[in-house]
Amino acid sequence: MNGHPERVLIVDDEEHVCALFQRILQKEGYEVECAPTGEDGLARLAGQPFDLVMTDLKLPGIDGMELLRRGRDLCPETSFVMLTAFGTVQTAVEAMKQGAYDYLVKPVDKDEIIMVVAKALEVQRLTREVARLRSQLDLSLDFNEIVGHSKSMKAVFRLMKMVADSNATILIQGESGTGKELIARAIHGASRRKERRFVAVNCASVPESLLESELFGYVRGAFTGAAADKKGLFEEAHEGTLLLDEIGDTSTAFQSALLRVLQESEIRPVGSNKTVKVDVRVIVATNKDLKREVERKTFREDLFYRLSVVPIALPPLRSRRDDIPLLAAHFIEKYSRAYSVEPKRLAPVSLRLLLDHSWPGNVRELENVIERAVLINPGAEIAPDSLFPSALTMLDENRSFTSLNDTMRGARELMEREKIAEALQRTSGNRSHAARLLGISRSALYNKIKSLRLAN
Ligand SMILES: Nc1ncnc2c1ncn2[C@@H]1O[C@H](COP(=O)(O)OP(=O)(O)OP(=O)(O)O)[C@@H](O)[C@H]1O
Ligand SMILES: [Mg+2]
């Protein structure tokens, strides 16, 4: 991937087998290590990752199956090829069910070894590539995936369009679940950087002591366990966009380091005395009120000002309720497609419930509620108790049923009045023609006019 030779680990208790495999694969340009036991193999895997492990099934102590299971737990990306004697092919097949890529029956010939290793590594590369492409594909779709027509969201969209193509650092603030990451991805997708990577880091989930090495990388020997140079996420995001999520939860020491990077556009890997130029668009996000954190001295004021060149405030869902119906429809469509069910309608009373809810978890909560409802609702219309298990009591308590019925009746009457008036106007008052236009009988029209007390 990164130009380093791919690393292969051979685990076999027969020394000559190990030596033979090592010689063959080293000639092919791989970096090869050997382990005589499963225990030793595991220890090596834990120490430094391998791209591929070739292991004998029959080993003293931890056997090949066990090594496969524990090895995959340890490094899920590593491919495993099992070596087996003629009599134990059945076990090898079992190993493939457990996630091994392939098996070879001993004695193995040279070409077979070379081919199986090359193929396993190729498949591994493709898998990574597909995952990367898919995430980029998702990205390009994301811009249309942002739903919102409230005034406040329209203002957000305008701001996004204005800044997408600049390199300005952007600060996105909003409660949890308001769509901060979605907006960050969309900005990346609308920028000139869209062909390059979008890398998101949740600063709160990386231990404080590791955050700098994670972001800036480190050099070999920088600390115990730093066995080789490692690139940081800033370098990974070169020419792309880096989202630093939960920036409000970082230490002031880290904040100083970040400020330097933003000012100088260069990073210094941990333990290195050289700096590296990086071209990265930084977006930061937080669900905290950074200004208050500045007052409380938990957030550096200089960094705050540097970050808030372009602040985007995402309003909580409860303060933009007019987005709720659109979002609900969007998620119904999304999950009906995902679960291959006929798209369902929201029962009007269900929509009412959604509009009344306070949504402490914002859009994410709404999305979860709809996903669940799409799955569990039996009929074509999503009933209130599919949304909230206690919906009926909720409705009863605030008497929404009655008031909703009143509203519905009122709305219906209003629409009927308008339609009838329009039909009568178009037909210059000819009731027979008007009835035909409305698709009802002449007598039905008479009754309507009477019950609606429509003067003509
Ligand atoms: N306007 C929107 N249109 C469509 N989907 C949205 C919208 N806003 C949020 N979502 C969806 O809601 C979920 C939560 O959004 P996201 O992860 O971006 O929120 P967040 O603000 O980053 O939350 P947190 O602070 O918890 O990390 C995602 O699945 C996202 O796709
Ligand atoms: Mg987020």
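Put simply, of Ser150, Ser213, Ser209, Ser176 the only residue that is more than 30 Å from Lys297 (Cβ to Cβ) and either at pLDDT below 95 or not assigned by TED's automatic domain parsing to the domain that holds Leu326 (or both) is Ser150. Against the condition hydrophobic (A, V, I, L, M, F, W, C), without any contact (Cβ under 8 Å) to a residue 12 or more places away in the chain and touching a helix residue (DSSP H, G or I) at 6+ places or on another chain (Cβ under 6 Å), how does Val199 come out, does it pass? Here the answer is no, as Val199 does not meet what is asked. Within segment 113-134, can one find any residue that is more than 16 Å from ligand 2 (Cβ to nearest atom), at pLDDT 85 or above, within 30 Å of Leu303 (Cα to Cα) and in contact with a Phe, Trp or Tyr (Cβ under 9 Å, 6 or more places away or on another chain)? Within segment 113-134, none of the residues are more than 16 Å from ligand 2 (Cβ to nearest atom), at pLDDT 85 or above, within 30 Å of Leu303 (Cα to Cα) and in contact with a Phe, Trp or Tyr (Cβ under 9 Å, 6 or more places away or on another chain).
Selection over segment 272-284 of residues that are without any contact (Cβ under 8 Å) to a residue 60 or more places away in the chain and either closer than 17 Å to Leu211 by Cα or not assigned by TED's automatic domain parsing to the domain that holds Lys231 (or both) gives a count of 1.
Taken over segment 43-60, residues that are under 32 Å from the mean Cα position of the chain (by Cα) and surrounded by fewer than 19 Cβ atoms within 10 Å (Cβ to Cβ) amount to 4. Selection within segment 297-347: residues that are of a type in the set (Phe, Trp, Tyr) and not assigned by TED's automatic domain parsing to the domain that holds Gly174. The member of this set that is farthest from Gly248 (Cα to Cα) is Tyr339.
State whether the residues of segment 206-224 include one that is of a type in the set (Lys, Arg), without any contact (Cβ under 8 Å) to a residue 60 or more places away in the chain and out of contact with any His (no Cβ under 8 Å at 6 or more places or on another chain). Yes - at least one qualifying residue is present in segment 206-224.
For segment 178-193, taking the residues that are over 23 Å from Glu264 (Cα atoms) and without any contact (Cβ under 8 Å) to a residue 60 or more places away in the chain, the one that is nearest to ligand 2 (Cβ to nearest atom) is identified as Leu182.
Scanning segment 248-271 for residues that are in contact (Cβ under 8 Å) with a residue 24 or more places away in the chain and either more than 19 Å from Glu208 (Cα to Cα) or not assigned by TED's automatic domain parsing to the domain that holds Lys180 (or both) returns Leu262, Gln263. Scanning segment 76-94 for residues that are surrounded by 15 or more Cβ atoms within 10 Å (Cβ to Cβ), more than 20 Å from Pro36 (Cα to Cα) and not hydroxyl-bearing (Ser, Thr, Tyr) yields a single hit, Glu94. Cβ-Cβ distance below 8 Å, separation of 6 or more or different chains: which pairs start in segment 421-440 with a residue that is closer than 19 Å to Ser451 by Cα and end on one that is hydroxyl-bearing (Ser, Thr, Tyr)? Sorted first by the residue in segment 421-440, then by its partner, the pairs are Arg431/Tyr446; Ala434/Thr427; Ala435/Ser441. Listed by position, the helices (runs of 4 or more DSSP H) inside segment 322-388 whose residues that are among the aliphatic types (A, V, I, L, M) and within 16 Å of ligand 1 (Cβ to nearest atom) number at least 1 are 324-338, 348-356, 362-376.
Considering only residues that are within 12 Å of ligand 1 (Cβ to nearest atom) and either of a type in the set (A, V, I, L, M, F, W, C) or in the same structural domain as Gly361 (by TED's automatic domain parsing) (or both), which ones fall in segment 285-296? Residue satisfying the conditions is Ala285 alone.
Just for segment 207-250: of the residues that are of a type in the set (Ser, Thr, Tyr) and within 25 Å of Gly177 (Cβ to Cβ), which one is surrounded by the most Cβ atoms within 10 Å (Cβ to Cβ)? Here the residue is Thr241.
Under the condition of being crowded, with 17+ Cβ neighbours inside 10 Å, within 16 Å of ligand 2 (Cβ to nearest atom) and within 27 Å of Val261 (Cβ to Cβ), the residues counted in segment 157-177 number 5. Output the residues belonging to segment 311-321 that are within 16 Å of ligand 2 (Cβ to nearest atom) and in a strand (DSSP E or B). Once the filter is applied, which keeps residues that are within 16 Å of ligand 2 (Cβ to nearest atom) and in a strand (DSSP E or B), segment 311-321 yields Ile312, Ala313, Leu314.
The values are calculated or read from the model by the stated rules, or taken from the named source; none is laboratory data. Predicted model, so just to flag it, every value in this text is computed and none were measured. Cβ sites come from the backbone with ideal geometry, for glycine too, and all protein chains shown count toward neighbours.
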